[in-house]
Each structure stands twice: as C-alpha cells, then as structure tokens.
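Step one of this worksheet: look at the structure below.
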Amino acid sequence: MTSSETLEVAFVSDGTSGATVWDTTNGTMLKTYRHTASIGQNCMSLLGNDYLIAADKGPLIQTWPINSQERTHQVRMLCGGKINSLAASPDGLYIAVAISEKLQVWMACSGRLLTTVSRHFQPITIIKWSLDGSYLVTGGEDGLVCVWSLAKLVNTSQSSMPQIFLSGDQIDQSAPNYIFSDHSVRITGIYIGNCTRCIRIFTTSVDKTCKIYDLSTGVMLLSIAFDIIPSSLTVDSVETAVYIGTTAGPIRSFDLTSPPRTRECYISDKESGIKFIGHAKAVTALSVSLFGDTLVSGSTDCTIRTWHVASRQCLRTIQLKEPVINMFLTLIPHQLTANELEPSIILKSFKKTEELENDHFVEVYCYNDLFEEENDTFGYKEDTSIREELEKTKTINARIYEFALNSILKESEPNLKEDIDISSFSMVDLEFDGEKNGLGDGDDTTEHSTTPKKKKRGRKKSKKNVNDVNLSNIYKYS
C-alpha cells in the first residue's frame, strides 16, 4: 500500500440522489450526502475543508457540512437562474456560478454578489480556479475559453475604480484577461497547472483537439488533434503527463517531456501507444493521485476504476447503480468523521441584490465570527459558563469598590461644628474680652491708637468662622 492510498478519497456523484465519498484503494464507501435529485455535471465542489456544495440544475446551491449526511437549512444560497456549473475557490472565500452565459462571483462569508459578467455567447459548461485563487477559467458551448482575473472581477464598480484609458481607448475592467477562440465547439475539459514559474492551461473540446496555453502571455503552446472526441481531461501534479478520457471508453495519455517539434500535431488511434482500456462508455471524470502513481476514472458505464499508471493495469473497479457524473480526488478532510464540525470559514445566505451603497466599505471577519448563534446547528455550541462567571465576578468587585469608597469618604468628612466651637469661636471671644477689660497696656497711646485696627482685623477673620450669634456678641463689646 502506497502513501497516496491512505491520504486521498474520491467525491462522486452519479445519476442517483446526492453524493458519496469513496476510498478507491479498497472500494469502501465512507460517507453519503443525501439529496432528492441528481447533481448536474461540473456542479459539485468542496468549500474549503468544511462543506460540500452542489447544484441540481436549479437556482439553489445545496450545502452539506463535511461531517453530516443531511443538508443544512440555515444557509440558503439562491441564485438568479438555473445553474450550469459552479466552483469554489481553493481558500473557500468565493463561489463562482455559471447561469446560462453569465458568470457570477459570490462572497461566501457575507453572501454578497460581487459581480456579474458575460463574455460567452452560449451557456458556460465548466469553471476552474487556479491553485492560488487569483484566476478563473471558463469554457462554454460556444468553444470560447475565457481567463478572468479575480482582482478585476471584484473591482468592476464604476464608483470604486476609476476608468483607465490607453491610447484613447477605454479599458473595461470587467473584461477577461484572455479570450481563446481556437476551439470551434463545446469545451469538455479544463485544467490549470500548478507551476508558479509558468502556469499553463489545458483544454479539450468536442472538436477532437487538446490545446495548451501559457497563462502569463496568452500564447498557445501546443495543439494536439485526435481521431476521437475527448470527454474529460486531467494532468499529473508535475505536469509531465496528460490524460484524456474519450467518448468511446479508452483513456489516452501523452508525454510532455518529449513534445513534438511543431506547434500542431495529430495523434491517431494507431500512433497512441499509451492507453488505459477498461471502460465501455464515455469517461466523464479523471483525477490523478497526489504522487502520480494512480489514476482514477469515472464513466457512464456506472463504474469507477483505479489504474496503476506505470503498468496501465486496473487495480480496482467500483460498481455503481447510475452513470458517474462528477468525480474528483482530494486529500481526506480532517473533519470528515468528526462528531461536531468546527468550521474554519464563514458561510452565510446569499443576498438577493447587489449592495451598491456599500461599495466603499470593506467587511473584515475574524476567527471569532465563526462561532455565531446561527452556526450552532452545524454542530458547534459555545460554552458560556466561563463568561457568566466572569460577569458575576465583575459585578461583585464593582460593589465592593463602591462600598469601600463610600466608607472612606464618610470617615474623612470634617465636623464643622466642633471646629467652630473649639478653635474659631472661643479663641476670638477670649481675645476680644481681654482687650475690653483692659488687660492690655493702656498707658501707651500709640498702642491704643492701633487697637481698633487690630479689632477690625480680628473682626474680618472671625466672620469666616463664627455664626450669627457669636458675631452679635463681638459687636456688643466693640
């Protein structure tokens, strides 16, 4: 058993209701997500590692917590029309939805519709995100492949972003970075490479061709023609091998380490030596393991097959009841079997209209926003006992402080009556009584002449400290 076999699981949707999770190494079904209708092609995606979202060709996006079989009814993601395709960004912040020929980008944490753009002439059939979430690539029934920049899509408002002019021509901020029109009919597969140095885009179409583009320059690097219609596409993690599922059943592969010398080449059935033969009908989904040693395929013949890449032998076949519509390999979500979900992303219901009046505001969400009361239905309940005890302690401390402060103020208040009787009133009376009875030296006329001044000074000082009764006594003696 290789290390990749214990790390990855396959999310599958067939013609029956809902979706399932399979361990492709031993053929064990790990979980089922129940739904009343079948999920549309290219309409199933993981939202981070916490939720599974899907659409059944209707306007509503169904949401399942990753650890629950039942859908959540607290979040309602209702779009403005029938959904042809959807895909969530790798970080789980944005959800791209295709409604007919229009592309909508929603913010998952606020439920706000960021933008609605349209450059396709016919309905969009597939949406893919780049690994860093900075680009979206859409393919439609009209054969067009559009490359969108997320930064431009979320800043398409006229009020929030000024118009830019170059050589007298106005640049539309909502326009895609590139529009590839080399295909003539419906796009069946898109893959965006993971190489940071030179990101490449792989596309397949019903016109029996596979084309490779350079994302940085928009130049077509290679065009490969087949004698059979490609129905699905995938590339290994190091981008050395391309795997193409066909409508007849066999899976073809060609090596990029030794590409042809010309930009365009043709590979016939006889020249294609690398084949994975086993499916009897069209291959609708392909996915390569993380280490590139196994290939998993889903087909309309109601089977999922696991292939050994080096020997091209089928290791295991999983038989289903209905044709496989969607299938992709991913690392096992760490909360897949958890009893309670602890979400790492915020999820809210979609709002009905764009809030143009809030274009100048930026919504900032922190980790504490994940645990709101409305999210208790997802399996998380906040423990409020510690918070209640803290509030009680604060109340008790406030009362103790108020009681101590009042006690200190009462003890420090001066007793005005005692001060007047002992210090102010009695001392003034004694002074004035002694002068009136001749206790001072009466022979010196100079001293007698200054006596009234002293009395006046004494009278002025005593007015501040004695009451009306004592003042009457002072005037009587004077």
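The values are calculated or read from the model by the stated rules, or taken from the named source; none is laboratory data. Not measured: the values here are computed from a predicted model. All Cβ positions, even for glycine, are placed from backbone atoms using ideal geometry, and neighbour counts span all protein chains on display. Heads up: the accessible areas ignore ligands, DNA and RNA and are worked out on the full protein's heavy atoms, side chains in. Shrake-Rupley method; radii C 1.70, N 1.55, O 1.52, S 1.80 Å.
Among the candidates GLY189, GLY218, GLY245, GLY249, which residue alone is part of a loop (DSSP other than H, G, I, E, B), touching a residue at least 12 places away in the same chain (Cβ under 8 Å) and open to solvent by less than 10 Å² (accessible area, probe 1.4 Å)?
Details: GLY189 fails: part of a loop (DSSP other than H, G, I, E, B); GLY218 fails: open to solvent by less than 10 Å² (accessible area, probe 1.4 Å); GLY245 fails: part of a loop (DSSP other than H, G, I, E, B).
Going through GLY189, GLY218, GLY245, GLY249 in turn, just one is part of a loop (DSSP other than H, G, I, E, B), touching a residue at least 12 places away in the same chain (Cβ under 8 Å) and open to solvent by less than 10 Å² (accessible area, probe 1.4 Å): GLY249.
Working carefully through the options ARG316, ARG312, ARG305, find the one that is modelled with pLDDT of 90 or more, out of contact with any Asp or Glu (no Cβ under 9 Å at 6 or more places or on another chain) and at positive phi.
On the way: ARG316 fails: at positive phi; ARG305 fails: at positive phi.
Among ARG316, ARG312, ARG305, only ARG312 is modelled with pLDDT of 90 or more, out of contact with any Asp or Glu (no Cβ under 9 Å at 6 or more places or on another chain) and at positive phi.
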| query | Quick check: anything in segment 101-111 surrounded by 20 or more Cβ atoms within 10 Å (Cβ to Cβ), hydrophobic (A, V, I, L, M, F, W, C), within 17 Å of the chain's Cα centre (by Cα) and in a loop (DSSP other than H, G, I, E, B)? | reply | yes
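Condition check ((1) of a type in the set (S, T, N, Q); (2) more than 27 Å from SER297 (Cα to Cα); (3) out of contact with any Phe, Trp or Tyr (no Cβ under 9 Å at 6 or more places or on another chain)) across all residues:
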residue	(1), (2), (3)
ASP14	no, no, yes
SER45	yes, no, no
ALA54	no, no, no
ASN84	yes, no, yes
GLY92	no, no, no
GLN104	yes, yes, yes
SER118	yes, yes, yes
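What about LYS31, is it under 17 Å from THR330 (Cβ atoms) and basic (Lys, Arg)?
Details: under 17 Å from THR330 (Cβ atoms): yes; basic (Lys, Arg): yes.
In short, yes.
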| said: I want to confirm something. Restricting to segment 320-330 and keeping residues that are open to solvent by 20 Å² or more (accessible area, probe 1.4 Å), outside any loop (DSSP other than H, G, I, E, B) and in contact with a strand residue (DSSP E or B) (Cβ under 6 Å, 6 or more places away or on another chain), which single residue is farthest from MET29 (Cα to Cα)? | reply: ILE325
| query | What is the one condition in (1) open to solvent by 40 Å² or more (accessible area, probe 1.4 Å); (2) part of a loop (DSSP other than H, G, I, E, B); (3) closer than 22 Å to VAL283 by Cα that GLU342 does not satisfy? | reply | (3)
| For GLU374: the one exception among (1) at pLDDT below 55; (2) open to solvent by less than 40 Å² (accessible area, probe 1.4 Å) | (2)
| With respect to THR115, is the statement that it is surrounded by 21 or more Cβ atoms within 10 Å (Cβ to Cβ), closer than 23 Å to LEU215 by Cα and in contact (Cβ under 8 Å) with a residue 12 or more places away in the chain true? | no
| query | How about segment 265-318: which of its residues are part of a strand (DSSP E or B), open to solvent by less than 20 Å² (accessible area, probe 1.4 Å) and of a type in the set (S, T, N, Q)? | reply | SER287, THR294, SER297, SER299, THR303, THR306
